[in-house]
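Encoded as structure tokens, the structure appears first; notes follow it.
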Amino acid sequence: MDAPQVSRPRSAQRGVAARAQEVFLERTYQDSMAWNSHDFPPSAKLLWKNEVLEEQKFPGCKRRETQVYVGNLPLDVSEEEIFSLLKDYNVLQVCRIQNGCKCFAFVDLGSVENVALAIQELNGRLFHGRKLFVNTNKRIHRRTLKVAHWPQELQALETSCGEEVAACAQITPKKSIDPCETEKLREALTVPVEMRGSFLMLLLEECFRDLDWLALIHSVQGKVGLLVTNIVPYTPFFWAMNITETMHQNMQILFSTLADVEEQRPFLPESAVQRGTRCLAKHHLGDYGPAWNRCWVVDRVDSWAVVMFIDFGELATIPVQSLRSLDSDDFWTIPPLAQPFMLEKDIFPLHLGVYQILKGKITGALNSEVHILKFEELK
């Protein structure tokens, strides 16, 4: 199916919120057009399939029912060793991926029967001193979060994250200083809660059915243009949109869609507002005014809800009665527009506020928070 054509919304038929989105898009587009196109190459090509927006996957690592996911692998493992590990299950192809201090693989076994057998016999087995996690390579199904279970789920994810870092430290010779360990100690005191991997994974799993695009985040390198959407005062951390042709197209599609339906979406009943609820709320774009945006309920206190605006990386407190329904998957096919970054040097400059555009380069990812990219501004 071809991608839908994005028509420019007519202000006469829209409210103040829609106009704010139009002005915001205009300014972003004009600023991005002023850059040298050779300095900022376009991102991965977008495909439309079954009316769902998907980014290109790793070459040779496309999802198949005959693939098995093998996680918690040691960083120094080779594709040959992975092949040998699963040789009894008719291995056809091995795709090894390293993401910071994590290493995993997708292995094509040729049939769903071989996949089931490999999971049964290998899941939990020790391999190079590490317990393997072997599972099917399927879409992540949405879990319904219960308020009573929230602390336990969060604690379990934090523990899991800590185990990955500890495992990374084990493979480093004792005579040298482990960069993963030292950076973990430094980040533990500075990384805000809303940027921690455990928090983001809970949020993303609830909002999006397919998280394949997450694997592409850490591969971004070189010169970029970032539109800052939120900063954390007195820290190096900030949220920003990586301005590419693809991202700008996604902004147009998403904002136009939300502007078309904002007044048609019903308000959520108070009983439906709880942690993990996907919804629609007004986000204030500074001088541009309010605009409706996708959000996720982090917590609720009486008649107030703390929400995370997905596309701006910002927490806000919203009256419960002002939240609109947005649970249909049709509104969650486009990945979040903003992501977290950290300045390579110093804290975020006080003279730069939100909706400023930074030009610079990506220098890598944090070892213990691989979804956070390090950014160096070009002076």
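Points to keep in mind about this one:
- Taken over region 229-276, the residue count meeting the criterion of being over 18 Å from TYR288 (Cβ atoms) and in a strand (DSSP E or B) is 4.
- Selection of first residues in region 309-324 that are in contact (Cβ under 8 Å) with a residue 60 or more places away in the chain and of second residues that are assigned to a helix (DSSP H, G or I) and among the charged types (D, E, K, R), restricted to Cβ pairs under 8 Å at least 6 apart or on distinct chains, gives the following pairs, ordered by first then second residue: GLY313/GLU194; LEU315/GLU194.
- Looking only at region 303-323, residues that are crowded, with 18+ Cβ neighbours inside 10 Å and either among the β-branched types (Val, Ile, Thr) or in contact with a Phe, Trp or Tyr (Cβ under 8 Å, 6 or more places away or on another chain) (or both) come to 9 in all.
- The single condition from (1) out of contact with any helix residue (DSSP H, G or I) (no Cβ under 9 Å at 6 or more places or on another chain); (2) modelled with pLDDT under 90 that SER84 fails is (2).
This table checks each residue for (1) in contact (Cβ under 8 Å) with a residue 60 or more places away in the chain; (2) not β-branched (Val, Ile, Thr).
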{"residue": "MET201", "(1), (2)": "no, yes"}
{"residue": "VAL228", "(1), (2)": "yes, no"}
{"residue": "ILE231", "(1), (2)": "yes, no"}
{"residue": "THR244", "(1), (2)": "yes, no"}
{"residue": "ALA259", "(1), (2)": "yes, yes"}
{"residue": "ARG265", "(1), (2)": "yes, yes"}
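- Extreme residue, least open to solvent (accessible area, probe 1.4 Å), among residues of region 13-26 that are at pLDDT below 75 and part of a helix (DSSP H, G or I): ALA17
- Whichever residue in region 221-244 is open to solvent by 40 Å² or more (accessible area, probe 1.4 Å) and modelled with pLDDT under 85 and, among such residues, is farthest from ALA316 (Cα to Cα): GLN221
- Region 269-289, residues that are open to solvent by 30 Å² or more (accessible area, probe 1.4 Å) and either touching a strand residue (DSSP E or B) at 6+ places or on another chain (Cβ under 9 Å) or not small (Gly, Ala, Ser) (or both): PRO269, GLU270, ALA272, GLN274, ARG275, LYS282, HIS284, ASP287, TYR288
- In region 346-379, the residue that is nearest to CYS103 (Cα to Cα) out of those that are basic (Lys, Arg) and either touching a residue at least 60 places away in the same chain (Cβ under 8 Å) or surrounded by 21 or more Cβ atoms within 10 Å (Cβ to Cβ) (or both) is LYS361.
The values are calculated or read from the model by the stated rules, or taken from the named source; none is laboratory data. Model, not experiment: these values are computed from the prediction. Please note: Cβ atoms are built from the backbone with ideal geometry, for glycine as well, and neighbour counts cover all protein chains shown. In case anyone asks, the SASA skips ligands and DNA or RNA and just uses the protein heavy atoms, side chains included. Shrake-Rupley method; radii C 1.70, N 1.55, O 1.52, S 1.80 Å.
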